[in-house]
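The values are calculated or read from the model by the stated rules, or taken from the named source; none is laboratory data. Values in this document were obtained by computation on a predicted structure and should not be read as measured data. Cβ placement follows ideal geometry from the backbone for every residue including glycine, while neighbour counts extend to all protein chains displayed. Calculation scope for accessible area: heavy atoms of the full protein, side chains included, ligands and nucleic acids excluded. Shrake-Rupley method; radii C 1.70, N 1.55, O 1.52, S 1.80 Å.
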Amino acid sequence: MSVEHLAALDPIFAECLRVGGPVIRDFTRPTGFVGLLRMVMEQQLSTTVALALWAKLRDRLGGTVTPDAILALDDDSLRACGFSRQKIGYARGLAEAVASGRLDFNIIHDLPDEEAIAQLVALKGIGRWSAEVYLMTTLGRPDIWPIGDLAIQLGVQRLKCWADKPNARQLIEVAEPWRPHRSLAARLVWHHYVALQEQARAARGLPPSR
């Protein structure tokens, strides 16, 4: 389904394009260990801070981020690259799972959506949101709708002109007509949300976040 088709299906997507422009922002991430580790690092961080810290980690590791390289770093080194105590544990657990073969991305990538999500959330520090966003942004799965994402919640609330932030049931119900293209719907809502954030920054005289 094209962006235009989805916009014709529900007027909120035409509004996403009106506010954010015709080009969908690039929300893709690398696959495998690097992609999932980046999601661990990015939790509760702004895009600008996360990108800077990821660049610092890459520089410290000579440009190549691998499970063995992460396991070889001590806590102080990981902390200097932006990992909190909790995230250090998550990063090491993920690296150990991959290095030992307990986590095989080739297998996960071949699983249906819900089975792949179940495998990923079995890892400490990987919740459903992280698993869904991984499938969506690294594997290009077409029908992922991450209802736990705050930008999705606030974006739908604004686009639908609802008084309150929608709950899980409301988000599931509103997206039913968009199946099996809910990943594209989510990207459009993100596109709209980020555009409004950037407009607010510009209005305050601040530079773009990227």
Open item on the list: Given the options L159, L111, name the one that is more than 15 Å from F33 (Cα to Cα), open to solvent by less than 60 Å² (accessible area, probe 1.4 Å) and touching an Asp or Glu at 6+ places or on another chain (Cβ under 7 Å).
Closed with: L159
- [ ] Give just the number: which of (1) open to solvent by less than 20 Å² (accessible area, probe 1.4 Å); (2) within 28 Å of W178 (Cβ to Cβ) does T47 not satisfy?
- [x] (1)
Task: Wholly enclosed helices (runs of 4 or more DSSP H) of segment 119-193 bearing at least 2 residues over 17 Å from the mean Cα position of the chain (by Cα) - done: 150-159, 168-175
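Going by the conditions given, is A99 in contact with a helix residue (DSSP H, G or I) (Cβ under 6 Å, 6 or more places away or on another chain), outside any loop (DSSP other than H, G, I, E, B) and either open to solvent by 40 Å² or more (accessible area, probe 1.4 Å) or more than 19 Å from S183 (Cβ to Cβ) (or both)? Step through it out loud before you land on a result.
Numbers: in contact with a helix residue (DSSP H, G or I) (Cβ under 6 Å, 6 or more places away or on another chain): yes; outside any loop (DSSP other than H, G, I, E, B): yes; either open to solvent by 40 Å² or more (accessible area, probe 1.4 Å) or more than 19 Å from S183 (Cβ to Cβ) (or both): yes.
Considered against the rule, which asks whether it is in contact with a helix residue (DSSP H, G or I) (Cβ under 6 Å, 6 or more places away or on another chain), outside any loop (DSSP other than H, G, I, E, B) and either open to solvent by 40 Å² or more (accessible area, probe 1.4 Å) or more than 19 Å from S183 (Cβ to Cβ) (or both), A99 comes out as yes.
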TODO: Only helices (runs of 4 or more DSSP H) wholly contained in segment 16-88 count here; list those with 2 or more residues that are of a type in the set (K, R) and in contact with a strand residue (DSSP E or B) (Cβ under 6 Å, 6 or more places away or on another chain).
DONE: none
Open item on the list: So the check is Cβ under 6 Å with 6+ separation or different chains; which pairs have a first residue in segment 188-210 that's surrounded by fewer than 13 Cβ atoms within 10 Å (Cβ to Cβ) and a second one that's in a helix (DSSP H, G or I)?
Closed with: P208/E198
Task: Test: residue in segment 8-20 that is touching a residue at least 40 places away in the same chain (Cβ under 8 Å), assigned by the TED database to the domain that holds A151, exposed (fewer than 15 other Cβ atoms within 10 Å of the Cβ) and closer than 27 Å to K160 by Cβ - done: no
Task: Single match in L45, L71, L9, L61 (criterion: over 19 Å from the mean Cα position of the chain (by Cα) and at pLDDT below 95) - done: L9
